[in-house]
Amino acid sequence: MKPLEGIKLIVTDMDGTLLSKDKTIHEKDQAILKLLSQKGIQIVIASGRIFSMLETYYKTLNCIDYVISANGASLDDIKQSKTIFKSIIDDEMVFKVLDFCLKHKIECNLLSREACYFPKDSIRRERFIDYNEMATKAHLERIQIRGYEALKPIGNRIEKVLVYETNPDICNALKRFIETETTLTYTISDYNLIDISNRDITKGNALKRLLFHLNIRPQEVLAFGDFENDLSLFDHARVKIAMGNAVPILKNQANFITRTNQEQGVSFALNNLLMEDQTMRFEKVVLDEFYRAYAVGHVTIDNELHLIVASEAIDGKCIMYSGEKFEKKTTLWHDQGGTMSIVPIPNTNGEFLAVRNFFPGFNGATTKVVHVKKENNEFVVNDFIHLPYLHRFNLITVGETHYFIGATLCSSKKEREDWSDPGKVFVGVLPKDLSLGMTVTPILENLTHNHGYYQAPYETKEAAWITSDEGLFVFIPPQSVGQSWTTHHLIEKPISDVAVLDIDFDGIPEIISIEPFHGNVMVMYKKINGSYQQVYEVDRPLEFAHALCGTTLGGKPVFVCGIRRLNKEMFYIDYNLNTKAYEIHEIDREIGPANLTVINLKDHDIILSANNTIHQAAIYYVKK
């Protein structure tokens, strides 16, 4: 059965799931939910928020059929403006919990649809004030925010008590207290938050009531969540999707793990689950005849996308392409080629760094990094640092610091195949004034064929993945002042290049590799029981595999691969959620890509490829 086959209802959590950190719903998430609603699928939101704090969202979406609020204490039919179910905590129990919280100096919020009650020094009150500002802008009713003194002896209609506490000991004391009260229960709705409701109140039980009301079976339900209070939703859904930012316990129960809420994980998952029978088409446009095209990159200058292609030849050129169809060409240099890497400088108007003078035959004794920027409508190229045999490098940003990390293919050479003096990994801190140059220091030495570089997160931290005959290493920059770089040796075998991406929706990234140096084998690894194990090998003849990129095409996670000899092909590998298998799809052949990059735009994607073997710079528009 396909993931969405037979699905009649989609239920999604709000905070940490459908909502971004700024408490808005991204237009991509809105669009896919509206599309599925038009196809007849019931759309439900299930939140720990009280109903009145959800009004602006379900009205913005305009496709929500039902709302589960207060962690299941309320269930509302939006289209009929009707409350199907509501659970009110007995006033005596409300005051009993309040007394306990006051005694232990715990932040306690009493929440109903009619009003919300806070202590005078409330830490959480501001959140409700922010919502009222959103409601005012949307011309919706504001939440009544009151102090404890406004509580009535009876009739407060409290749906849940929200407790905020950071001290684990006090939290445990509160939990023990609630467990002694036979009419109450609690759930963990976020870090440091405990929701107290009537017993048997959960999101899952509210969903169960709704399914009975609609005559829908759990096998026809898909659920999204990110925290512990979403576990009960998973109990009543066939397709369980945890966000990339979800807590481990939820990920362990999920069928699929999507991107984070900041990366529109809801639309990303739904688009991919819907895409199983959709075929991508590629429209090729040749930018230029380009002798020994090798390096590719892209920058945004004055809010316009510019593509960059550079040559590896001794007298090679570097050209920037811009315009609606990239028809405008600007030559940045026409000599001193040997360009291996092109790296944008973050938070600038399209400035970038590039390797030059790494000439064919690995003759890179005079290799340098140049700085390119636009000044007075002209592009200025200045030398930045000299670093012999530098092949790949990148910048990793932590806070406001841009860390430089680069890999030298070797340290010296007597002739082409002399690898007696191994390469190193160098690091530095990019200065604010690049005219001052930069000091770099080695942090790992004796790396033979130190060829591949890839940038991707490792255990949630942005990292550099560097390969050599000694294997695959990951380097994590300092996370705060005074710390050092951290190094992990993940795989101990000769590897030429890697790319990293979770393409099968299980939350564990795959590593695809080219083996050995400039090799003819492509292998995929996955971390299983603490070590990286092979899970797939490309089953076709290859020669001189060279280009790898972990990305999305048409919203689908894929590895794009380029081979320089034999079939000289470009293809992508994806994961078929129906057959549970990795699959290869051809993009082009007889082109010999040396390097490629993918640019994900709002309405389409572009593959920029240095088709080295046929001396060509080309782009491929990706269409579904």
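Among the candidates Phe379, Phe358, Phe393, Phe384, single out the residue that is of a type in the set (Phe, Trp, Tyr) and farther than 22 Å from Arg292 by Cβ. Working first, answer last.
Working: Phe379 fails: farther than 22 Å from Arg292 by Cβ; Phe358 fails: farther than 22 Å from Arg292 by Cβ; Phe393 fails: farther than 22 Å from Arg292 by Cβ.
After applying the criteria, what remains is Phe384.
Filter region 594-613 for residues that are of a type outside the set (Gly, Ala, Ser) and under 9 Å from Ala293 (Cβ atoms) and give the result.
Taking region 594-613 and keeping what is of a type outside the set (Gly, Ala, Ser), we get 595-608, 611-613.
Asn595, Asn611, Asn612, listed by residue number.
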Index of the failed condition, Asp506 passing every other in (1) surrounded by 19 or more Cβ atoms within 10 Å (Cβ to Cβ); (2) within 17 Å of Gln533 (Cα to Cα): (1)
Residues of region 351-384 classified as in contact (Cβ under 8 Å) with a residue 40 or more places away in the chain, under 35 Å from the mean Cα position of the chain (by Cα) and assigned to a strand (DSSP E or B), total: 11
Any hit, region 402-424, residues being in contact with a Pro (Cβ under 7 Å, 6 or more places away or on another chain) and in a loop (DSSP other than H, G, I, E, B): yes
Checklist (1) surrounded by fewer than 19 Cβ atoms within 10 Å (Cβ to Cβ); (2) out of contact with any Cys (no Cβ under 9 Å at 6 or more places or on another chain); (3) of a type in the set (Gly, Ala, Ser) applied to Ser37, failing item: (2)
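Before we move on, is Val343 buried (at least 17 other Cβ atoms within 10 Å of the Cβ), part of a strand (DSSP E or B) and over 28 Å from the mean Cα position of the chain (by Cα)?
Details: buried (at least 17 other Cβ atoms within 10 Å of the Cβ): yes; part of a strand (DSSP E or B): yes; over 28 Å from the mean Cα position of the chain (by Cα): no.
No.
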Subset of region 24-39 [part of a loop (DSSP other than H, G, I, E, B) and in contact with a strand residue (DSSP E or B) (Cβ under 8 Å, 6 or more places away or on another chain)]: Ile25
Strands (runs of 3 or more DSSP E) lying entirely in region 55-165 (those with 1 or more residues that are farther than 30 Å from Leu9 by Cβ): 107-111, 116-118, 145-147, 160-164
Single residue of Ser609, Ser513 found to be in contact (Cβ under 8 Å) with a residue 40 or more places away in the chain and touching a Pro at 6+ places or on another chain (Cβ under 6 Å): Ser609
Filtered residues of region 179-201 (kept if in contact with a Ser or Thr (Cβ under 8 Å, 6 or more places away or on another chain), over 20 Å from Arg157 (Cβ atoms) and not in a strand (DSSP E or B)): Asn192
Residue ID - surrounded by the fewest Cβ atoms within 10 Å (Cβ to Cβ), chosen from residues in region 465-485 that are in a strand (DSSP E or B) and touching a Pro at 6+ places or on another chain (Cβ under 8 Å): Gly471
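With Leu174, Leu211 as the choices, which residue is surrounded by 17 or more Cβ atoms within 10 Å (Cβ to Cβ), assigned by TED's automatic domain parsing to the domain that holds Gln42 and assigned to a helix (DSSP H, G or I)?
Values: Leu174 fails: assigned by TED's automatic domain parsing to the domain that holds Gln42.
Checking each option against the conditions leaves just Leu211.
Of everything in region 96-109, what is surrounded by 19 or more Cβ atoms within 10 Å (Cβ to Cβ) and of a type outside the set (D, E, K, R)? Give them in sequence order. Break it down stepwise before answering.
Initially, region 96-109 is screened for residues surrounded by 19 or more Cβ atoms within 10 Å (Cβ to Cβ), giving 97-98, 101, 106-109.
Matches in region 96-109: Val97, Leu98, Cys101, Ile106, Cys108, Asn109.
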Residues (within 18 Å of Glu114 (Cβ to Cβ) and either in contact with a helix residue (DSSP H, G or I) (Cβ under 6 Å, 6 or more places away or on another chain) or exposed (fewer than 14 other Cβ atoms within 10 Å of the Cβ) (or both)) located in region 157-171: Ile158, Glu159, Lys160, Val161
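In region 509-528, what count of residues is obtained for those that are touching a His at 6+ places or on another chain (Cβ under 9 Å) and either buried (at least 21 other Cβ atoms within 10 Å of the Cβ) or within 19 Å of Thr597 (Cα to Cα) (or both)?
The first filter runs over region 509-528 and keeps only residues touching a His at 6+ places or on another chain (Cβ under 9 Å), leaving 514, 516-518.
Imposing the further condition that a residue be either buried (at least 21 other Cβ atoms within 10 Å of the Cβ) or within 19 Å of Thr597 (Cα to Cα) (or both) reduces the set to 514, 518.
Counting residues in region 509-528 that are touching a His at 6+ places or on another chain (Cβ under 9 Å) and either buried (at least 21 other Cβ atoms within 10 Å of the Cβ) or within 19 Å of Thr597 (Cα to Cα) (or both) gives 2.
Considering Ile591, Ile573, Ile619, Ile607, which residue is part of a loop (DSSP other than H, G, I, E, B) and surrounded by 19 or more Cβ atoms within 10 Å (Cβ to Cβ)?
Numbers: Ile573 fails: part of a loop (DSSP other than H, G, I, E, B); Ile619 fails: part of a loop (DSSP other than H, G, I, E, B); Ile607 fails: part of a loop (DSSP other than H, G, I, E, B).
Of the residues listed, the single one that is part of a loop (DSSP other than H, G, I, E, B) and surrounded by 19 or more Cβ atoms within 10 Å (Cβ to Cβ) is Ile591.
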Residue in region 110-123 that is of a type outside the set (Gly, Ala, Ser), more than 23 Å from Thr185 (Cβ to Cβ), surrounded by 21 or more Cβ atoms within 10 Å (Cβ to Cβ) and under 33 Å from the mean Cα position of the chain (by Cα) present: no
Pick from region 359-377, criterion more than 17 Å from Ile314 (Cβ to Cβ) and at pLDDT below 95, ranking: surrounded by the most Cβ atoms within 10 Å (Cβ to Cβ): Glu375
Residue within region 129-137 that is modelled with pLDDT of 90 or more and more than 27 Å from Lys79 (Cα to Cα) present: yes
From Leu387, Leu444, residue being under 24 Å from Pro360 (Cα atoms) and either of a type outside the set (Gly, Ala, Ser) or within 25 Å of the chain's Cα centre (by Cα) (or both): Leu387
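May I ask you to say which residue of Val309, Val296, Val286 is of a type in the set (Val, Ile, Thr), part of a strand (DSSP E or B) and either outside the structural domain of Lys328 (by TED's automatic domain parsing) or within 25 Å of the chain's Cα centre (by Cα) (or both)?
On the way: Val309 fails: either outside the structural domain of Lys328 (by TED's automatic domain parsing) or within 25 Å of the chain's Cα centre (by Cα) (or both); Val286 fails: either outside the structural domain of Lys328 (by TED's automatic domain parsing) or within 25 Å of the chain's Cα centre (by Cα) (or both).
So the residue among Val309, Val296, Val286 that is of a type in the set (Val, Ile, Thr), part of a strand (DSSP E or B) and either outside the structural domain of Lys328 (by TED's automatic domain parsing) or within 25 Å of the chain's Cα centre (by Cα) (or both) is Val296.
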Residue match in region 446-459 (condition: surrounded by 22 or more Cβ atoms within 10 Å (Cβ to Cβ), assigned by TED's automatic domain parsing to the domain that holds His488 and among the β-branched types (Val, Ile, Thr)): no
Hey, Val535 in the same structural domain as Arg392 (by TED's automatic domain parsing) and under 26 Å from Ala269 (Cβ atoms) or not: yes
Subset tally (residues that are under 21 Å from Glu462 (Cα atoms) and at pLDDT below 95) for region 528-548: 2
Residue, surrounded by the fewest Cβ atoms within 10 Å (Cβ to Cβ), within region 390-426, restricted to residues that are over 27 Å from the mean Cα position of the chain (by Cα), of a type in the set (Ser, Thr, Tyr) and under 21 Å from Met438 (Cα atoms): Ser411
Hey, Tyr148 surrounded by 20 or more Cβ atoms within 10 Å (Cβ to Cβ) and either outside the structural domain of Ile50 (by TED's automatic domain parsing) or touching a residue at least 12 places away in the same chain (Cβ under 8 Å) (or both) or not: no
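The values are calculated or read from the model by the stated rules, or taken from the named source; none is laboratory data. Predicted model only: the values in this text are computed from it and were never measured. Using ideal geometry, Cβ is built from the backbone for each residue, glycine included, and neighbour counts are taken over all protein chains shown.
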